[in-house]
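Visitor: Below are the structure tokens for one structure; questions will follow.
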Amino acid sequence: MLELKNLQTFYGNIQALKGVSIEISEGEIITLIGANGAGKTTTLMSVCGIVPPRTGEILFMGQPIHKLTPNLIVSLGISQVPEGRRIFPYLTVRENLDMGAFLRTDKDGIKQDMEYIFELFPILAERRHQAGGTLSGGEQQMLAISRALMARPRLLLMDEPSLGLAPLVVKQIFEIIRKVNTENNTTIFLVEQNANLALKVAHRGYVMETGRITLADSAEKLLADEKVKKAYLGL
Ligand code: ATP
């Protein structure tokens, strides 16, 4: 479904990605783990067209997308849940969800998806008229995921969904990630520092160090890998 081929991405003279190649098949949950500053966020930003790669290729369903604008990339079926959630604090929950469907014109489909989201997150249904900024951190994360789902993506990019949340809420968010993948058939590319949880929910994983992929394997094998255990699982 998604193929990253030898991406090199820069911020001015700083090279953040030094030849990154990743493949994701339809229906998979893939996780990208690594330390602070390894280049995980940059990888997602390259896919969604916000920080396009200087060299390399990105193919989505076989079509090159690395030269397309972010809104075109969304319209093809890729949407992102950004790091730090970035919901619209002064808009209501309902308005935040409408923003996620901004590029869509199928009113019936939009209504259907909103109903699905309110089933998935009953708390958002209860708070639909409340300003996004008044929600708790966990609820804002739910809203950010829901807003991305309102674009009806085939591929969902998620950047550190567990960041800054209480353990119980994190558990809930990861259950939702699994549910969106299995029930909604959405492919998920998950960036996480919480390697333990991410590898438990994912089918396969990639480990990134200073702009390079250093390991790629099934999530099961990575969880048992001595180097991964020591560096990322605190074991
Ligand atoms: P974190 O987990 O802290 O978000 P990360 O693995 O997502 O880290 P990136 O945010 O992709 O890492 O950063 C990769 C490298 O690019 C780092 O060296 C970082 O300092 C640099 N970088 C990121 N954003 C910018 C920017 N806007 N301008 C300049 N350098 C940047």
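The values are calculated or read from the model by the stated rules, or taken from the named source; none is laboratory data. The model shown is predicted, which means the values in this text are computed figures rather than measured ones. Here the Cβ positions follow ideal geometry from the backbone for every residue, glycine too, while neighbour counts run over all protein chains shown.
Visitor: So which residues in the range 5-37 are polar (S, T, N, Q), within 25 Å of Asn181 (Cα to Cα) and loosely packed, with under 14 Cβ neighbours inside 10 Å?
Guide: Within the range 5-37, Ser25 is the sole residue that qualifies.
Visitor: Further question: Kindly indicate the residue of the range 20-45 that is over 18 Å from Val81 (Cβ atoms) and acidic (Asp, Glu) and also nearest to the ligand (Cβ to nearest atom) among those meeting that condition.
Guide: Glu23
Visitor: On to the next question. Does the range 133-150 contain any residue that is closer than 25 Å to Leu2 by Cβ, in contact with an Asp or Glu (Cβ under 9 Å, 6 or more places away or on another chain) and among the aliphatic types (A, V, I, L, M)?
Guide: yes
Visitor: For residues that are in contact with a helix residue (DSSP H, G or I) (Cβ under 9 Å, 6 or more places away or on another chain) and of a type outside the set (A, V, I, L, M, F, W, C), tally how many sit in the range 3-56.
Guide: The total comes to 10.
Visitor: Further, regarding this structure: Out of Ser46, Ser21, Ser75, I need the residue that is modelled with pLDDT of 95 or more, of a type outside the set (A, V, I, L, M, F, W, C) and farther than 16 Å from Thr214 by Cβ. Which one?
Guide: Just a single option satisfies the conditions, and that option is Ser46.
Visitor: On to the next question. If I ask for residues that are polar (S, T, N, Q) and within 14 Å of Glu209 (Cβ to Cβ), which ones from the range 24-43 would you list?
Guide: Asn36, Thr42, Thr43
Yes/no matrix, rows are residues, columns are (1) under 21 Å from Phe189 (Cα atoms); (2) at pLDDT 95 or above; (3) away from the ligand (no atom under 16 Å from the Cβ); (4) surrounded by 20 or more Cβ atoms within 10 Å (Cβ to Cβ):
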site	(1), (2), (3), (4)
Glu3	yes, yes, yes, no
Gly56	yes, yes, no, no
Gln63	yes, yes, yes, no
Gly100	yes, no, yes, yes
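Visitor: Taking Lys179, is it free of Cβ contacts under 8 Å to residues at least 40 places away in the same chain, part of a helix (DSSP H, G or I), away from the ligand (no atom under 16 Å from the Cβ) and surrounded by fewer than 18 Cβ atoms within 10 Å (Cβ to Cβ)?
Guide: It is false that Lys179 is free of Cβ contacts under 8 Å to residues at least 40 places away in the same chain, part of a helix (DSSP H, G or I), away from the ligand (no atom under 16 Å from the Cβ) and surrounded by fewer than 18 Cβ atoms within 10 Å (Cβ to Cβ).
Visitor: Next question. If you go through the range 182-193 one residue at a time, how many are surrounded by fewer than 20 Cβ atoms within 10 Å (Cβ to Cβ) and within 16 Å of the ligand (Cβ to nearest atom)?
Guide: Looking only at that region, the number is 1.
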